[in-house]
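A.B. asks: Got a structure for you, questions after.
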Amino acid sequence: MSTSSSSSSSPDISSSLSSSLSSLWSSMPFSSSLSGLKLQGSSAPSAGTVLVWSGAAVAGYCLYEQLRFKWAKRCKDGKSLPGPDLPTPVLGGIVEMVKDPYGFWERQRTLSFPGLSWHSIVGVFTVFVTDAAISRHVFSHNSEDTLLMALHPSAKNVLGPRNIAFLHGPDHKQLRKSFLALFTRKALAVYVAKQDQVICEHLRAWLEHQGGSYESGGAFTEMRPFVQRLNAMTSQEVFVGPYLRSYGTEVRQKFSTAYRAMTDAFLALPVCLPGTAVWKGYKGRLYIIEVLTRAAKDSKEKMATGKHEPACLLDFWSLQVLAELKECKEKGQPPPFYAADAKMADSIMDFLFASQDASTASLVWTLTLMAEHPDILEKVRAEQRSMRPDLNAPITGELLNKMSYTRQVVKEILRYRPPAPMVPQMAQKPFKLTENYTAPKGAMIVPSCWSASMQGYENPHAFDPDRFGPERQEDVKYAPNFLVFGHGPHYCVGKEYATNHLTLFLARTSTTLNWTRQRSKESDKTIYLPTLYPGDSVFSMQWAYPSASQANAEGVCKTL
């Protein structure tokens, strides 16, 4: 596979289409009739004339679109990418995709796995990439001259135009370099303590809601909304918790509501008018930025005194930004573009949002897969009992790093059901994907992280944490296929934080609760929201051991 991003050998699509259209138009039986239609004097055209011309325009566009797709899918060897022979004009596969997104993309995957296939999405020529090596090639490019990320149509309204996903080049590189200070071993240890406290607090709330005890399970409950709240509160506490709490209960509640509105906006029609979900998400972002701008100012002032240890992610970044500002001043250079309070708020909001749906999906899969594989859950519990004599004691970052089998299970959860199954990119000019095929400018290229996770691994469709153990070491053998956190310029900087969160959740939950899944006809399905979730996640829960109920009633960890 070539690593260049454009090809001088790509066909001259415009001239070819012009020639083909002229030829086809002249051969059409109604072309001469249409050519002879004229308006009489200054009188308005008749309804019949308008109808004929409108029909001709629609037919002409549909013909043009089909010819454009015909040229776009052609390979260098004269063959074509697999895909529909004649996609629905204008709409393409959008109706099918909205009705059954999992089925649509799964059918697209099977057309070429591993390789390339194509479809039309609302008239956009779309290349689906199921080969891991080609996906890495795609992820390695990010610029105005190659590929740019193609997010949800509402992304700029909801996330704002300054979101890191829209950055590229030197600014993007400089910002990511500054973020390295947020995920050091010291910083991660601070976050683990907070994550553990929030998880403990929510496990108690789950049991109270269900009415579960040690003797019996509680009422069967769809747990996805509860997991979502746990994850949202964890992110808020880790990233800006001390400041949100200092601003009072009302601000924190409004902040949480705005945060949820942003998430909901991505599940709604991309229409930003007053009263719509996208509008509420947009207004939610404005409120979140207002609060975070205040928090950034307060954090920098606090860290500048040198009298306080960082207590959240914002504090760690404030220390880094203050150091960068000092260095720039000494060198006579302008300050970093992200050092202003409002711009720091933008980035912190990015972290909050990026940590939401993907992690929520993986937490739900953790509960689901452990309920479906009790033998694996028991191995996790055995490791936890051997490492944690006091199961009610707080879990530290150092202890978390030693949980080898629990971490294997987490890694297999991520491989088996990647939370972000695909990451669309838009070609800014002809982009060479292989020696045999170049995608045209304007094509949407969709590398599949899920397809990559199903390549190379032994029996890839089986849930098997032992594949990542010291005996088999499939994490080493097939590391290039593990694209869960992306690759290249937009590789996830919060990888270790996210992995710690899942590991801690599994460690704490496995030794605190027993849970049973209530299966239905939906249980074996997979749904896109747009992250991957099980068809349902209905559980009954109870305390895992006799003393757990009392210990949790008193607080396993210190309550925040």
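A.B. asks: Let me know the Kirkwood hydrodynamic radius for region 104-192, please, with Cα pairs as the basis and the value in Å to one decimal. Please list the in-between numbers first.
C.D. replies: Details: mean 1/r = 0.0617 Å⁻¹.
Answer for region 104-192: a Kirkwood hydrodynamic radius of 16.2 Å.
A.B. asks: Please identify every one of the GluC sites (Glu not before Pro) in region 354-384 that sits in a loop by DSSP and has no more than 14 other beta carbons within 10 Å of its own beta carbon. Could the numbers behind the result be given before it?
C.D. replies: Values: sites: 372, 378, 383; in loops: none.
For GluC sites (Glu not before Pro) across region 354-384 that sit outside H, G, I, E and B with at most 14 neighbouring Cβ atoms in 10 Å, the list is empty.
A.B. asks: Taking amide H positions as placed in the peptide plane 1.01 Å from N, state which residues far from residue 125 in sequence (5 or more) or on other chains have amide H under 5 Å from it.
C.D. replies: Residues meeting the amide H criterion: 444.
A.B. asks: Roughly how many Å² is the accessible area per residue of region 255-353, as a whole number, for a 1.4 Å probe?
C.D. replies: Working: 4750 Å² over 99 residues.
Roughly 48 Å² per residue, with all protein chains present.
A.B. asks: So, one more: Between residue 62 and residue 205, what is 0.36 nm times their sequence separation minus the Cα-Cα distance? Round to one decimal in nm.
C.D. replies: Details: separation 143, 0.36 × 143 = 51.48 nm, distance 5.65 nm.
Separation in residues times 0.36 nm, less the Cα-Cα distance, equals 45.8 nm.
A.B. asks: I would also like to ask the following. Can you list, largest first and rounded to whole Å, the semi-axes you get for the chain by taking the square root of 5 times each eigenvalue of its Cα gyration tensor? Let's see the in-between values first.
C.D. replies: Details: eigenvalues 443, 165, 119 Å².
Values for the chain, descending: 47, 29, 24 Å.
A.B. asks: What trypsin sites (Lys or Arg not before Pro) does region 392-486 have in DSSP loop regions with at most 12 other beta carbons within 10 Å? Intermediate values should be presented prior to the final figure.
C.D. replies: Details: sites: 402, 407, 411, 415, 432, 441, 467, 472, 477; in loops: 402, 441, 472.
In loop regions of region 392-486 (DSSP not H, G, I, E or B), the sparsely surrounded trypsin sites (Lys or Arg not before Pro) are 402.
A.B. asks: Stretch residue 174-residue 528 to full length: gain in nm at 0.36 nm per residue minus the Cα-Cα span? Don't skip to the answer; put the middle values down first.
C.D. replies: On the way: separation 354, 0.36 × 354 = 127.44 nm, distance 3.33 nm.
Roughly 124.1 nm would be gained on extension.
A.B. asks: Go ahead and estimate [θ] at 222 nm for the chain from helices alone: -39,500 (n - 2.57) per DSSP H run with n ≥ 4, summed, over the residue count, rounded to 500.
C.D. replies: Values: 22 runs with 295 residues, N = 560.
That comes out to -17000 deg cm²/dmol.
A.B. asks: Follow-up question, since we're still on this one. Starting from the alpha-carbon convex hull of region 240-355, give the projected area averaged over all orientations, in nm².
C.D. replies: 8.2 nm²
A.B. asks: In addition: Give me, ordered by chain and number, the residues 5 or more places off residue 527 or on other chains with an amide H under 5 Å from its own placed amide H.
C.D. replies: 533, 535
A.B. asks: Next question, about the same structure. How large is ³J(HN,Hα), in whole Hz, for each residue of region 365-381 in order, when computed from phi with the Karplus curve 6.51 cos²θ - 1.76 cosθ + 1.60 and θ = phi - 60°, using x for Gly and Pro?
C.D. replies: Using θ = phi - 60°, the values come out as 5, 4, 4, 5, 5, 6, 5, 7, 10, x, 5, 6, 4, 5, 5, 4, 4 Hz.
A.B. asks: Separate question: Quick one: grab Rg to one decimal and Dmax as a whole number for region 208-263, Cα atoms only, in Å.
C.D. replies: My reading of the Cα-based Rg and Dmax gives 14.6, 41 Å.
A.B. asks: On a 0 to 90° scale, report how tilted helix 277-304 is relative to the longest principal axis of the chain, with both axes built from alpha carbons and the result rounded to the nearest 10.
C.D. replies: On a 0 to 90 degree scale, this one is about 50.
A.B. asks: Still on this structure: Taking H as built 1.01 Å from N, whose amide H comes closer than 5 Å to the amide H of residue 88, not counting residues under 5 places away?
C.D. replies: Here nothing satisfies the definition.
A.B. asks: So how far apart, in nm, are the two label points at residue 373 and residue 254 if each is 7 Å from Cα heading toward Cβ?
C.D. replies: 4.6 nm
A.B. asks: Also: Are there GluC sites (Glu not before Pro) in region 191-250 that DSSP marks as loop and that have at most 14 other Cβ atoms within 10 Å, and which are they? Could you put the intermediate results ahead of the total?
C.D. replies: Numbers: sites: 201, 208, 215, 222, 237, 250; in loops: 215.
Passing both the DSSP loop test and the Cβ count: 215.
A.B. asks: While we're on this one: Pairing the Cα long axis of helix 13-27 with the longest principal axis of the chain, what angle in degrees results, from 0 to 90 and rounded to the nearest 10?
C.D. replies: The angle comes out near 50 degrees.
A.B. asks: Pairs to check: 300/402; 280/302; 186/300; 177/254; 194/326. Give those whose C-alpha atoms are more than 26 Å from each other in this structure. Each step should come with its number before you reach the end.
C.D. replies: On the way: 300/402 34 Å; 280/302 33 Å; 186/300 19 Å; 177/254 32 Å; 194/326 30 Å.
Listed pairs above 26 Å: 300/402; 280/302; 177/254; 194/326.
A.B. asks: Can you compute the radius of gyration and Dmax for region 82-138, using only the Cα atoms, both in Å?
C.D. replies: Radius of gyration, then largest Cα-Cα span, for region 82-138: 11.4, 32 Å.
A.B. asks: By how many nm would the segment from residue 404 to residue 96 grow when fully extended, if each residue of separation counts as 0.36 nm and the alpha-carbon distance is taken off?
C.D. replies: Working: separation 308, 0.36 × 308 = 110.88 nm, distance 4.24 nm.
Stretched out fully, the residue 404 to residue 96 stretch lengthens by 106.6 nm.
A.B. asks: Shifting gears a bit: Any lysines with Cα under 26 Å of the residue 79 Cα? List them, leaving off those in the same chain fewer than 8 positions away.
C.D. replies: 70, 429, 432, 441
A.B. asks: Now for a different question. Quote the FRET efficiency, to the nearest 0.05, computed for residue 387 versus residue 124 with a Förster distance R0 of 45 Å and r equal to the Cβ-Cβ distance. Before the final figure, lay out each step's value.
C.D. replies: Working: r = 51 Å, r/R0 = 1.13.
My answer for the efficiency is 0.30.
A.B. asks: Work out the charge dipole of region 62-120 with +1 on the Cβ of Lys and Arg and -1 on the Cβ of Asp and Glu about the Cα centre, then indicate which of 89, 116, 103 is farthest towards its positive end.
C.D. replies: 116
The values are calculated or read from the model by the stated rules, or taken from the named source; none is laboratory data. Remember, it's a predicted structure, so these values are computed and weren't measured experimentally. Here the Cβ is made from the backbone with ideal geometry for all residues, glycine too, and neighbour counts use every protein chain on show. Heads up: the accessible areas ignore ligands, DNA and RNA and are worked out on the full protein's heavy atoms, side chains in. Shrake-Rupley method; radii C 1.70, N 1.55, O 1.52, S 1.80 Å.
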